[in-house]
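The values are calculated or read from the model by the stated rules, or taken from the named source; none is laboratory data. Note that the coordinates shown come from a computational prediction; the quantities given were computed from them, not determined experimentally. Glycine gets a Cβ as well: all are built from the backbone with ideal geometry, and neighbour counts include every protein chain shown.
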Amino acid sequence: MRNIKATKIILMVFTGLILTFSFYAYTVFYGTPWGKENHEGNMQNYITKKYQAEFVLTKINYNFLSETYQGYAYPKNHSNLLFIIEQDVDSPRGYSDNYPKVMWDSELATDLKAQIKELFPDLDGGMFKALQIKDKGEIFGSKIPTYEEINVSILSTSIPIDIKTNWSKINQNNELKKMKKLSQFLKEARFPVLIEVRYYENELNEQAKVVFITEEGNIIEK
């Protein structure tokens with residue numbers, strides 16, 4: 001009788017260990033239910049506040065390689081514009097997303113593109129594309145700072161405005177006024193994105209001039 005009880009206890013302990021290990025293994029690869037629930041609420045608040053618009057959050061995944069949670073969402077009236085929200089330790093908000101890139105590649109950005117082209121008629125249209133900084137890997141001269149120096153996450157979306165002109169040979173005050181107008185327009189359009197206005201005669205010109213308009217609307221000259 002004692003042997004049967006001992007065997008049952010051993011089996012119960014063994015089963016408990018298996019269940020504990022299975023749950024642990026599951027959380028390593030798929031996260032925890034409460035973790036997903038917590039990040040779902042945080043992500044919803046994040047995108048709502050950032051863009052001042054309504055979004056539908058479709059699902060939350062866990063990336064075991066980076067040990068971060070990722071969400072998928074789209075604007076309430078545009079289900080075709082599915083974008084990613086990611087945990088981001090380099091972002092003051094704790095998250096980053098690629099909504100600006102997804103939106104930029106859609107017809108919704110037509111007016112925004114037209115406004116920018118009106119401000120910068122000499123814009124190099126071939127470089128006028130939105131990419132996350134981690135996907136760009138572009139260096140334009142040794143005097144241009146890395147994105148870390150202006151405290152921008154590599155997950156942020158950047159849109160280059162390339163002007164193939166020598167900065168020293170143009171009306172600089174007039175160009176800076178354009179930056180202010182663009183910054184204001186981006187705020188009104190609720191489109192927080194990193195804009196890089198780059199002036200250079202050759203792509204690897206060390207004398208290139210860059211002006212950043214940050215997601216917060218700050219204008220930084222480098």
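Is one or more of the residues making up region 159-166 over 30 Å from LYS49 (Cα atoms), at pLDDT 85 or above and either crowded, with 19+ Cβ neighbours inside 10 Å or among the aliphatic types (A, V, I, L, M) (or both)?
yes
The set of residues in region 140-156 that are at pLDDT 65 or above, part of a loop (DSSP other than H, G, I, E, B) and buried (at least 16 other Cβ atoms within 10 Å of the Cβ) comprises VAL152, SER153, ILE154, LEU155, SER156.
Look at (1) assigned by TED's automatic domain parsing to the domain that holds TYR62; (2) touching a strand residue (DSSP E or B) at 6+ places or on another chain (Cβ under 6 Å); (3) of a type outside the set (Asp, Glu) and you find that ASN77 fails only one, number (2). Filtered by the rule that a residue be surrounded by fewer than 17 Cβ atoms within 10 Å (Cβ to Cβ) and either part of a loop (DSSP other than H, G, I, E, B) or at pLDDT below 90 (or both), region 184-204 gives ALA189, ARG190, GLU201, ASN202, GLU203, LEU204. Every condition in (1) touching a residue at least 24 places away in the same chain (Cβ under 8 Å); (2) under 27 Å from ASP124 (Cβ atoms); (3) surrounded by 21 or more Cβ atoms within 10 Å (Cβ to Cβ) is met by TYR95 except one, and the failing one is (2). Residues that are more than 21 Å from SER153 (Cα to Cα) and surrounded by 15 or more Cβ atoms within 10 Å (Cβ to Cβ) within region 62-81 comprise TYR74, PRO75, HIS78, LEU81, listed in sequence order. Assessment of region 64-76 against the conditions (part of a loop (DSSP other than H, G, I, E, B) and either touching a residue at least 24 places away in the same chain (Cβ under 8 Å) or under 12 Å from the mean Cα position of the chain (by Cα) (or both)) yields at least one matching residue.
A single member of PHE83, PHE55, PHE64, PHE120 is in the same structural domain as PHE185 (by TED's automatic domain parsing) and of a type in the set (Phe, Trp, Tyr), and it is PHE120. Among the residues making up region 87-140, those that are over 22 Å from ASN61 (Cα atoms) and acidic (Asp, Glu) are ASP105, GLU107, ASP111, GLU118, ASP122, ASP124, GLU138.
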